[in-house]
Amino acid sequence: MKKRIFTLLLTTATVAVGVGAQNPIISDQFTADPTARVFDGKLYLYPSHDIPSPIERLKEWFCMADYHVFSSTNLTDWTDHGVILTQNNVPWVQPDSYAMWAPDCVVKDGTYYFYFPSAPKGGRGFAIGVATADTPVGPFTPQPEPIKGVTGIDPCVLVDKDGEAYIYWSGRGMSMAKLKPNMVELATEPKQVEGLPAGFKEGPYVFERGGKYYFTYPWVQDKTENLAYAMGDSPRGPFTFQGLIMDESPVGCWTNHHSITEYNGQWYLFYHHNDYSPRFDKNRSARVDSLSFNADGTIKKVKATLRGVGITDARSKIQLDRYSWLAPYGAYIDYLNPANTFEGWQLTFNRTDAGARYSDVEFGTHPVRLLKARVRTDKGGTLTVRKGGEKGDIIARLSVKPTGGAWVEARAIPLLSVTGRQELHVSLTEGQAVSVDWITFE
Ligand code: FUB
């Protein structure tokens, strides 16, 4: 009975998070290793949950005590369904190990199987366990023991079109095995995935598209992890190396870890970066960008963006610092409050004609009548907001008097009747430096 009450407490909180359609997609906590899965028309995100370590031993390392699950139907608004599993409610996990690393979740015959690595009690290294549920958000009941025969991290499970399931994981190379129909035991001996170029690899993610099987993974080809892939005709391989999905990040985060999912006819790459933790890359945040294929099935390289993929409502706070394009001079972003990065960013224009573009803003069918912006400026300046690029029609001119360094809400009446989906272009057209927290329309 006690255990039952505990499980319910773990699963009742659902909170709206990450409203805004930009990267990172979850804006109130760290979320790494994002596995995205589509169940019954809804997209679910199963990340690891990085935290600043409460114990000395892990101050400079990964530290994860539990898992949350998030969902979205539009990739703009995300709901946090709360904690679905903790290191304290899995019988085989060492409770103070803080090693609930990258998970996966799949459905088979109406049961949801959540696969997760962790540190076993009294053991060494990592084992991989399974927790089951009747819904994608739990409550999840952990199996009493981890999967026998599997030592490692980063599980990924593929349920193939014929109902057979395969598990892939990393640790001493990349391994795979077939799962028994019960999904919690191996049906075959683990075997190494061969034919991939040398260099450190982890985080395998395998999916099928058009009869081709994609074995994708983070790979240290040079200094930090890029995302690479190989293709084959069977979930058992062999896989032939094809190239990169995403280059290593030029700054910041040593790891990358991803999943690739089709949702409503579009493919997406979910991955992570240390957006909210610039000085410590073990506190990461999930991102998403669109992914597409060439005619021969190979993957077009994805460029990491801040803009992300969702549609932004013109009547919400439009965070220009998550731009789709930024002038290479005279404009830069910065944290609003470096002491609490979760407060987000500001965009500063400090040279006349420096601009930024922000795509996919939905104005709807009723024209807006007011532009508002949270801004600050020492000496004053004018921002010009256009639709459709730097030569596009002017929506509004926002003149801001010196604010003495304080944030103020400035207003302007639109000169145009704007409806529908628009790309905005905002630039400093007169005056001195102006910083923008957000703009919105009413
Ligand atoms: O999140 C901990 C580890 O970092 C994962 O298991 C790896 O894939 C890397 O992202």
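Considering the zone a paramagnetic label at residue 342 would reach in this model (a point 7 Å from Cα along the Cα-to-Cβ line), which residues of the range 252-293 have amide N under 18 Å from it?
The answer is 273-287.
Per-residue HN-Hα couplings for the range 387-394, Karplus 6.51 cos²θ - 1.76 cosθ + 1.60 at θ = phi - 60°, whole Hz, x for Gly and Pro?
Going residue by residue, I get 10, x, x, 5, 9, x, 5, 7 Hz, with x marking Gly and Pro.
Note the angle between two axes, namely the Cα long axis of helix 2-11 and the longest principal axis of the Cα atoms of the chain, as a number of degrees from 0 to 90, rounded to the nearest 10.
30 degrees
Which distance in nm do the two modelled labels at residue 315 and residue 293 give, with both placed 7 Å along the Cα-to-Cβ direction?
According to this spin-label approximation, the distance is 3.9 nm.
Classify the chain as rounded, prolate or oblate, taking a ≥ b ≥ c as the square roots of the eigenvalues of its Cα gyration tensor: rounded when a/c is under 1.5, otherwise prolate if a/b is larger than b/c and oblate if not. Before the final figure, lay out the partial values.
On the way: a/c = 2.07, a/b = 1.81, b/c = 1.14.
Note, shape of the chain comes out prolate.
I'd like the distance between the alpha-carbon centres of the range 162-186 and the range 359-417, rounded to an integer number of Å.
Here the answer is 54 Å between Cα centres.
Test of the criteria: in the range 108-211, which chymotrypsin sites (Phe, Trp or Tyr not before Pro) are in a DSSP loop and have at most 16 other Cβ atoms within 10 angstrom of their Cβ?
On the way: sites: 112, 113, 114, 115, 126, 140, 166, 168, 169, 200, 205, 207; in loops: 126, 140, 200.
Loop-located and lightly packed - 200.
At 0.36 nm per residue, minus the direct Cα-Cα distance, what do residue 145 and residue 409 gain on full extension? Give it in nm, one decimal, please. Walk me through the numbers before you get to the answer.
Details: separation 264, 0.36 × 264 = 95.04 nm, distance 5.67 nm.
Full-extension gain reported as 89.4 nm.
How much accessible area per residue does the chain have, counting only protein heavy atoms and a probe of 1.4 Å, in square angstrom?
On the way: 18900 Å² over 442 residues.
Heavy-atom SASA per residue in the chain reads 43 Å².
Can you tell me the length gained on complete extension of the stretch residue 334 to residue 74, counting 0.36 nm per residue apart and subtracting the Cα distance? Please report the intermediate quantities before stating the final value.
Details: separation 260, 0.36 × 260 = 93.60 nm, distance 2.77 nm.
In short, 90.8 nm is gained.
Rounded to the nearest 500, what is the chain's calculated 222 nm mean residue ellipticity when only DSSP H runs of at least 4 contribute -39500 (n - 2.57) each, over all residues? Could you put the intermediate results ahead of the total?
Details: 1 runs with 10 residues, N = 442.
When only DSSP H runs of four or more count, the value is -500 deg cm²/dmol.
Using 0.36 nm per residue, how much length does the chain from residue 191 to residue 303 gain when fully extended, once their Cα-Cα distance is taken away? Write down the numbers at each step before the final one.
Details: separation 112, 0.36 × 112 = 40.32 nm, distance 3.30 nm.
Between residue 191 and residue 303, full extension yields 37.0 nm more.
Within the set of other residues whose C-beta is less than 9 Å from the C-beta of residue 358, count the net charge using Lys and Arg as +1 and Asp and Glu as -1. Don't jump to the answer; show the numbers that get you there.
Working: positive: 307, 322, 357; negative: 360, 423.
Cβ neighbours under 9 Å give a net charge of +1.
When only C-alpha pairs under 8 Å and at least 6 residues apart count, what is the relative contact order of the chain, in percent?
On the way: 1247 pairs, mean separation 51.7, N = 442.
Relative contact order comes out at 12 percent.
Looking at the chain as a GNM with Cα springs under 10 Å, which of 418, 130, 38 has the largest mean-square fluctuation?
Largest GNM mean-square fluctuation: 418.
Among 265-278, 385-398, how do they line up by average Cβ neighbours within 10 Å per residue, starting with the highest?
On the way: 265-278: 20.2, 385-398: 17.1.
My ranking of the peptides, most packed first, is 265-278, 385-398.
Measure off, as a whole percent, the carbon and sulfur share of the 1.4 Å-probe accessible area of the chain, all protein chains present.
Values: 9380 of 18900 Å².
Carbon plus sulfur share of accessible area: 50 percent.
Within a Cβ distance under 9 Å of residue 426, other residues only, what is the Lys/Arg minus Asp/Glu net charge? Display every interim value, and only then the final one.
On the way: positive: 357, 386; negative: none.
Net charge in that neighbourhood comes out at +2.
Using alpha carbons only, how many angstrom separate the centre of the range 88-118 from the centre of the range 219-282?
The two parts, judged by their Cα centres, are 22 Å apart.
Cα gyration tensor of the range 61-114, axes a ≥ b ≥ c as square roots of the eigenvalues: rounded (a/c below 1.5), prolate (a/b > b/c) or oblate?
Numbers: a/c = 2.51, a/b = 1.46, b/c = 1.72.
Oblate, since a/c reaches 1.5 and b/c is not below a/b.
Using a 10 angstrom cutoff on alpha carbons, build the Gaussian network for the chain and name the most mobile of 307, 369, 124.
Of 307, 369, 124, the most mobile in the Gaussian network model is 124.
The values are calculated or read from the model by the stated rules, or taken from the named source; none is laboratory data. What you see is a predicted model; the values in this text were computed from it and never measured. Neighbour counts are summed over all protein chains in view; Cβ atoms, including those assigned to glycine, are modelled from backbone coordinates with ideal geometry. Keep in mind that these areas ignore ligands, DNA and RNA; they rest on the heavy atoms of the full protein, side chains included. Shrake-Rupley method; radii C 1.70, N 1.55, O 1.52, S 1.80 Å.
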